[in-house]
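Undergrad: Right, I'll just put the structure down here and ask away after.
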Amino acid sequence: MSLAAVVQMLLSGLLMGLIYALVAAGLSLIFGLMDVVNFAHGELLMLAMYATFFLWRGTGIEPLLLVPVVAILLFGVGMVIYRTLIARALGVRANRGMVQIFITFGLAIFLQGAAQFAFGGDFRSIGHSLLANRTVAFAGVYLPLPQAAAGVVCLLAFAALLLIARTEFGRALEATREDREAVALLGIDRDRIFALGWGLGAASVGVAGAMLAGFYYTSPDVGANFALIAYVTVALGGFGSLAGALLAGVLIGEVEAVTAQLFDPSLKQVGVLGVYLLVLLVRPRGLFGTL
Amino acid sequence: MLQLEGVSAAYGGMAALHAMSLQVAKGEIIAVLGANGAGKSTLLKAIAGQVERRGAIRFDGADITRLPAHRIARLGINLVPEGRRLFPRLSVEANLRLGAYARRGEAGRFAPLDQVFALFPRLRERLAQRAETLSGGEQQMLAIGRGLMTQPRLLMLDEPSQGLMPKLVDDIFDAIRRIRDLGMTVLLVEQRLVEALAIADRAYVVQTGRIVLAGAASDIAADGAVRRAYLGM
């Protein structure tokens, strides 16, 4: 294997890994805040991809410029999901954990079915844009521009999340995470914090989806694979840890790329889950977990 | 300032308060005394909106019986809970500032910091430390300080002396007196009867979820028969 091929492999692993990391960050944020696993997380990614595709097709606006629009849209979707479904699920008296699992699981199936009905099963892709199908070659290594832009935007999104964590609102998020009853005693409306947390988590996956739509086929079931990887990423990185999600996402992207290159592309998930099981055996709370 | 009329509350499915009635007037320190499990903590939680309750709870004339906990807090009632309930991984400063979070947009919302540092100078030295690294006494100071940052008119303290060394217990009780002198009203649940009765104006004695005795703190402290019958001292 030539050096160029090795660099190529690591580069594509890194770029995909950054997308995985941002999807996982949204999942981790919601889970860390209120111990709710969002089984519809992949479907939020799917919604973001369709939103990007149709906004691009309808307006012709450069997809890169649509990223903030889609992020705000998904922020709203996250808030609505919290207010209409999750807040109610948190209020039930019996089997609260089960109700939460089924309600997000049911939402996932509903959104997939609704997308199938509304958009059909066709694979959609953004055919022409500033970046579409362009690559930069350097010393035998090819850098596809949509993927490169996605990597940069994902890193920027992480920087934004870290900045938010340092604001007063970020401290309130962290405090709610640590003791949701104590914040109410300080006059903090934890329901509002939860809703904003869902908004932020969904906006993160919205950014990832908007960038992913630039080089990946959009279909009603596109979310499933990414969601599976996001659950593994969160467990690997440690629940609730942003830095953990970033590093674990990149690690998973690399493991996937190396497995696909050295063995067979169809084995890439075997490689990812193999590494995951290995980490669980050695360090069950994840690489950066504090729980 | 605060009136309870026939307030009952359940905690974990078990009735913990039975038709309790009590009054707190502005500027008073009121002690609520009684054995473990008598319902003292549940009483404070019922006022703060943390447990289901029935009856009538009025604060400055407004019915607060059905309000959620954060709305009650915004009206000016702060509960410094049993076990402190700090945010362990946040800094001392972040813990304090979160007390003023609900007043975002108000000018001077961090002004009580000066009061807090005057009461507990140790907190100023520990600002950058995580709350979990503080000693027990410092954690109690921080819990009270965080409560003061909400600018309460009624401060409710649930066993502030719990687990503290005698010297620190004196400091905490001294601070409570000074907090009242700043113009706040204090409702204090305590197991340390002598110290609590020494700073309180009036006291209620609670047994199995009912008020069995009410009166001036000095009378209760002086009445040997009452002390033996209800307080085991």
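The values are calculated or read from the model by the stated rules, or taken from the named source; none is laboratory data. Note that the structure is predicted; figures quoted are calculated from it, not measured. Virtual Cβ from ideal backbone geometry, glycine too; neighbours counted across all protein chains shown. The accessibility values were calculated without ligands, DNA or RNA, using every heavy atom of the protein model including side chains. Shrake-Rupley method; radii C 1.70, N 1.55, O 1.52, S 1.80 Å.
Undergrad: Select, from A:Val205, A:Val183, the only residue that is more than 11 Å from chain B (Cβ to nearest Cβ) and buried (at least 24 other Cβ atoms within 10 Å of the Cβ).
TA: On the way: A:Val183 fails: more than 11 Å from chain B (Cβ to nearest Cβ).
After ruling out the rest, the residue left standing is A:Val205.
Undergrad: Out of all the residues in the stretch B:148-165, is one or more touching a residue at least 60 places away in the same chain (Cβ under 8 Å), open to solvent by less than 50 Å² (accessible area, probe 1.4 Å) and over 17 Å from the mean Cα position of the chain (by Cα)? It would help to see each step written out before you state the result.
TA: Of all residues in the stretch B:148-165, those touching a residue at least 60 places away in the same chain (Cβ under 8 Å) come to B:148, B:150-160, B:162.
Narrowing the set further to residues that are open to solvent by less than 50 Å² (accessible area, probe 1.4 Å) leaves B:148, B:150, B:152, B:154-160.
Of the ones still in play, those that are also over 17 Å from the mean Cα position of the chain (by Cα) are none.
The answer is no, given that none of the residues of the stretch B:148-165 is touching a residue at least 60 places away in the same chain (Cβ under 8 Å), open to solvent by less than 50 Å² (accessible area, probe 1.4 Å) and over 17 Å from the mean Cα position of the chain (by Cα).
Undergrad: Which residues, counting only those in the stretch B:130-147, are more than 11 Å from chain A (Cβ to nearest Cβ), of a type in the set (A, V, I, L, M) and in contact with a Pro (Cβ under 9 Å, 6 or more places away or on another chain)?
TA: Across the stretch B:130-147, the qualifying residue is only B:Ile144.
Undergrad: Another one. Take residues that are in contact with a strand residue (DSSP E or B) (Cβ under 8 Å, 6 or more places away or on another chain) and more than 30 Å from A:Glu178 (Cα to Cα) and tell me which of the helices (runs of 4 or more DSSP H) falling wholly in the stretch B:125-233 contain 3 or more.
TA: Working: elements: B:136-148, B:166-181, B:193-199, B:217-222.
Answer list for the stretch B:125-233: B:193-199.
Undergrad: Which of the residues spanning the stretch B:87-96 are touching a Leu at 6+ places or on another chain (Cβ under 9 Å) and facing chain A (nearest Cβ under 7 Å)? Spell out how you get there, then give the answer.
TA: Restricting attention to the stretch B:87-96, the residues satisfying the condition of being touching a Leu at 6+ places or on another chain (Cβ under 9 Å) are B:87, B:90-93, B:95-96.
Matches in the stretch B:87-96: B:Phe87, B:Leu90.
Here's the yes/no breakdown for (1) within 14 Å of the chain's Cα centre (by Cα); (2) assigned to a loop (DSSP other than H, G, I, E, B); (3) within 14 Å of chain A (Cβ to nearest Cβ):
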{"residue": "B:Asn36", "(1), (2), (3)": "no, yes, no"}
{"residue": "B:Ser41", "(1), (2), (3)": "yes, no, yes"}
{"residue": "B:Gln50", "(1), (2), (3)": "yes, yes, yes"}
{"residue": "B:Arg54", "(1), (2), (3)": "no, no, no"}
{"residue": "B:Ile57", "(1), (2), (3)": "no, no, no"}
{"residue": "B:Thr65", "(1), (2), (3)": "no, yes, no"}
{"residue": "B:Asn78", "(1), (2), (3)": "yes, no, yes"}
{"residue": "B:Glu82", "(1), (2), (3)": "yes, yes, yes"}
{"residue": "B:Arg85", "(1), (2), (3)": "yes, yes, yes"}
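Undergrad: Can you spot a residue in the stretch B:4-18 that is open to solvent by less than 60 Å² (accessible area, probe 1.4 Å), within 16 Å of B:Arg153 (Cα to Cα) and more than 14 Å from every other protein chain (Cβ to nearest Cβ)?
TA: So far as the stretch B:4-18 goes, no, none of its residues is open to solvent by less than 60 Å² (accessible area, probe 1.4 Å), within 16 Å of B:Arg153 (Cα to Cα) and more than 14 Å from every other protein chain (Cβ to nearest Cβ).
Undergrad: Still on this structure: Output the number of residues of the stretch B:1-22 satisfying the condition of being of a type in the set (Ser, Thr, Tyr) and at pLDDT below 85. Let's see the steps before the verdict.
TA: Taking the stretch B:1-22 first, the residues of a type in the set (Ser, Thr, Tyr) are B:8, B:11, B:21.
Next cut, at pLDDT below 85 only: B:11.
Adding up the residues that qualify gives 1.
Undergrad: Checking the conditions here, which among B:Phe173, B:Phe120, B:Phe110 is within 14 Å of chain A (Cβ to nearest Cβ) and of a type outside the set (Val, Ile, Thr)? Working first, answer last.
TA: On the way: B:Phe173 fails: within 14 Å of chain A (Cβ to nearest Cβ); B:Phe120 fails: within 14 Å of chain A (Cβ to nearest Cβ).
It is B:Phe110.
Undergrad: Restricting to the stretch A:247-291, name every residue that is of a type in the set (A, V, I, L, M, F, W, C), surrounded by fewer than 17 Cβ atoms within 10 Å (Cβ to Cβ) and within 19 Å of A:Arg177 (Cβ to Cβ).
TA: A:Leu291
Undergrad: Let me ask you something else. What number goes with the only condition from (1) surrounded by 14 or more Cβ atoms within 10 Å (Cβ to Cβ); (2) under 26 Å from B:Phe59 (Cα atoms); (3) of a type outside the set (S, T, N, Q) that B:Arg178 does not pass?
TA: Every listed condition holds for B:Arg178 apart from (1).
Undergrad: In addition: Say we look at the stretch B:72-94 and pick out the residues that are of a type in the set (A, V, I, L, M) and without any contact (Cβ under 8 Å) to a residue 60 or more places away in the chain; which of these is surrounded by the fewest Cβ atoms within 10 Å (Cβ to Cβ)?
TA: We begin by selecting, within the stretch B:72-94, every residue of a type in the set (A, V, I, L, M); these are B:72-73, B:75, B:77, B:79-80, B:86, B:90, B:92, B:94.
With the extra rule that they be without any contact (Cβ under 8 Å) to a residue 60 or more places away in the chain, the set shrinks to B:72, B:75, B:90, B:92, B:94.
Values: B:Ile72: 23, B:Leu75: 15, B:Leu90: 19, B:Val92: 26, B:Ala94: 21.
The extreme case among them is B:Leu75.
Undergrad: Then there is this: Could you say whether any residue in the stretch A:25-43 is assigned to a helix (DSSP H, G or I), without any contact (Cβ under 8 Å) to a residue 24 or more places away in the chain and buried (at least 17 other Cβ atoms within 10 Å of the Cβ)? Can you show your working first?
TA: Our first condition is that a residue be assigned to a helix (DSSP H, G or I); within the stretch A:25-43, this holds for A:25-34, A:41-43.
When the remaining residues are screened for being without any contact (Cβ under 8 Å) to a residue 24 or more places away in the chain, the result is none.
Looking through the stretch A:25-43, none of the residues is assigned to a helix (DSSP H, G or I), without any contact (Cβ under 8 Å) to a residue 24 or more places away in the chain and buried (at least 17 other Cβ atoms within 10 Å of the Cβ).
Undergrad: Would you pick out the residues in the stretch B:98-124 that are outside any loop (DSSP other than H, G, I, E, B) and open to solvent by 80 Å² or more (accessible area, probe 1.4 Å)? Let's see the steps before the verdict.
TA: Looking only at the stretch B:98-124, we keep the residues that are outside any loop (DSSP other than H, G, I, E, B), and these are B:98, B:101-103, B:112-119, B:121-124.
Those that are outside any loop (DSSP other than H, G, I, E, B) and open to solvent by 80 Å² or more (accessible area, probe 1.4 Å): B:Asp114, B:Arg122, B:Arg124.
Undergrad: Then there is this: On the given criteria, is A:Gly244 surrounded by 21 or more Cβ atoms within 10 Å (Cβ to Cβ), part of a helix (DSSP H, G or I) and touching a Gly at 6+ places or on another chain (Cβ under 6 Å)? Can you show your working first?
TA: Working: surrounded by 21 or more Cβ atoms within 10 Å (Cβ to Cβ): yes; part of a helix (DSSP H, G or I): yes; touching a Gly at 6+ places or on another chain (Cβ under 6 Å): yes.
Considered against the rule, which asks whether it is surrounded by 21 or more Cβ atoms within 10 Å (Cβ to Cβ), part of a helix (DSSP H, G or I) and touching a Gly at 6+ places or on another chain (Cβ under 6 Å), A:Gly244 comes out as yes.
Residues checked against (1) among the β-branched types (Val, Ile, Thr); (2) open to solvent by 30 Å² or more (accessible area, probe 1.4 Å); (3) closer than 26 Å to A:Asp179 by Cβ:
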site: B:Leu22; (1), (2), (3): no, no, no
site: B:Ile29; (1), (2), (3): yes, no, no
site: B:Gly34; (1), (2), (3): no, no, no
site: B:Gly37; (1), (2), (3): no, yes, yes
site: B:Gln50; (1), (2), (3): no, yes, yes
site: B:Leu67; (1), (2), (3): no, yes, yes
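Undergrad: Test A:Leu200 against the criterion of being modelled with pLDDT of 95 or more and more than 22 Å from the chain's Cα centre (by Cα), and give yes or no. Working first, answer last.
TA: On the way: modelled with pLDDT of 95 or more: yes; more than 22 Å from the chain's Cα centre (by Cα): no.
No, not satisfied.
Undergrad: Does the stretch A:96-106 contain at least one residue that is within 14 Å of another protein chain (Cβ to nearest Cβ), open to solvent by 20 Å² or more (accessible area, probe 1.4 Å) and modelled with pLDDT under 90? Break it down into steps so the answer makes sense when it comes.
TA: Step one: list which residues in the stretch A:96-106 are within 14 Å of another protein chain (Cβ to nearest Cβ), which gives none.
Checked against the condition, which is being within 14 Å of another protein chain (Cβ to nearest Cβ), open to solvent by 20 Å² or more (accessible area, probe 1.4 Å) and modelled with pLDDT under 90, the stretch A:96-106 yields no hits at all.
Yes or no, residue by residue, for (1) within 14 Å of chain B (Cβ to nearest Cβ); (2) open to solvent by less than 20 Å² (accessible area, probe 1.4 Å); (3) closer than 11 Å to A:Leu33 by Cβ:
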| position | (1), (2), (3) |
| --- | --- |
| A:Leu156 | no, no, no |
| A:Leu161 | no, yes, no |
| A:Ala165 | yes, no, no |
| A:Gly197 | no, yes, yes |
| A:Gly201 | no, yes, yes |
